[in-house]
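Below: one structure, written as structure tokens.
The values are calculated or read from the model by the stated rules, or taken from the named source; none is laboratory data. Not measured: the values here are computed from a predicted model. We place every Cβ from the backbone using ideal geometry, glycine too, and count neighbours over all the protein chains shown.
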Amino acid sequence: MRRSRLIGLVALAWAVPAVLVCVQASVLHHDDGRGAFVARVSLREGVPWVLWIGVTLLLLRATSRSQPWRTSRVAIHVAAALATSVAFSVVSGTLGYALALERPDRSLIEVIGASVLDWLPFQPLLYVGVLAIGLALETARRQRAVELGRARLEVQLAQAQLAVLSAQLQPHFLFNTLNAAVTLARQGDTAATARVLVLLGDLLRRLLGRDAPHEIPLSEELGLLETYLEIQQVRFGDRLRVGWDIDDGVRAALVPQLVLQPVVENALEHGIARRARGGRIDIRAVRVGDAVRLTVRDDGGGLASDFAIEAGRGIGLRNTLERVRRLYGGDGDVRLARVGGDGDDAHTVTEVIVPFHTIEAARA
């Protein structure tokens, strides 16, 4: 908190008792019909409370220091409480004497002595209360600092884990694509091999030419996926057919980078590639409420009924599920299901669900 704001808040807090005692003095003496006398009484009762502004600021500063509560520290506060009480009494008594509010036969020393006796039981208790408030505020501040530090560490850990997952995914994708190029080269298809390598170079340039963001607009993700599928189209030829159904309203939505590539790769390797006549992959993106649902459907024969992403041996889908959960918690998910009948009638449907948000919303 800025020092000027702190001083203002403390002054405002101590203005409350000062105003209350002035009001009390006005009520008690309003029948006297002497406005000047009421003003003098209010002045004597209200001004001494200004002393507590400085005392409070000193106490707040003292409690902000991390020091053990030894006997010497307790003794200092006891002495300070008594000194504050005496100072308050001296100011109050001196003002009463100077403003002719005391009996004329009493000396200044007698007036101050009486004021000390009046205030001594109350002022140290007030000191203890201010000290307790200062300690409570400092404890709360340190607790917030600890929680903030813990939250920052958790964010840094999550960012590091996401970076590791992304680092795992790109080599996995790269090696599989290079294997496809090697297969084409062994088949003697140099034109197809060259085409795959050119497309791969373009894809890698787009991936590595950025600061590795964890999220990109869906339109960019679809562009990466189109290049990847163009590579696979060279590999599969007429055996691979691709359908697109993308809602224009979700193209600006942020999604994890390369979230669809491992899903499509899974459909190719475990579905389309196993069929002599190939098959079809349909890619769909729609908004459902506050979420974006990305669907990849293939007719490659389905998967085992007991298949679970977490138990799978491959990196791609497990990696995708882990990234989505780390980025969005319970608001994100990856689901895989077998639909249709048996054999050629079976289809595999993979859904990636992420919260709908855009760059503009994230900046706001």
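Contact map, region 323-338: residues that are in the same structural domain as residue 214 (by TED's automatic domain parsing) and modelled with pLDDT of 85 or more paired with residues that are assigned to a helix (DSSP H, G or I) and surrounded by fewer than 17 Cβ atoms within 10 Å (Cβ to Cβ), Cβ distance under 9 Å, separation 6+ or inter-chain. Pairs shown: 332/325; 333/325; 334/325.
For region 108-150, a residue qualifies if it is of a type in the set (A, V, I, L, M, F, W, C), in contact (Cβ under 8 Å) with a residue 60 or more places away in the chain and over 20 Å from residue 83 (Cα atoms), and the qualifying residues are 135, 137.
Among all positions in region 250-261, there is no residue which is under 22 Å from residue 349 (Cβ atoms), assigned to a helix (DSSP H, G or I) and without any contact (Cβ under 8 Å) to a residue 24 or more places away in the chain.
Just checking, does region 289-297 include any residue being buried (at least 16 other Cβ atoms within 10 Å of the Cβ), at pLDDT 85 or above, touching a Leu at 6+ places or on another chain (Cβ under 9 Å) and not β-branched (Val, Ile, Thr)? The answer is yes; a qualifying residue exists. Taken over region 262-293, residues that are within 27 Å of the chain's Cα centre (by Cα) and either of a type in the set (A, V, I, L, M, F, W, C) or not in a strand (DSSP E or B) (or both) amount to 5. Of the residues that make up region 175-189, is at least one at pLDDT 70 or above, charged (D, E, K, R) and more than 29 Å from residue 359 (Cα to Cα)? Yes. Only a single item in (1) of a type outside the set (Ser, Thr, Tyr); (2) surrounded by fewer than 17 Cβ atoms within 10 Å (Cβ to Cβ); (3) assigned to a helix (DSSP H, G or I); (4) at pLDDT below 80 is not met by residue 67, and it is number (3).
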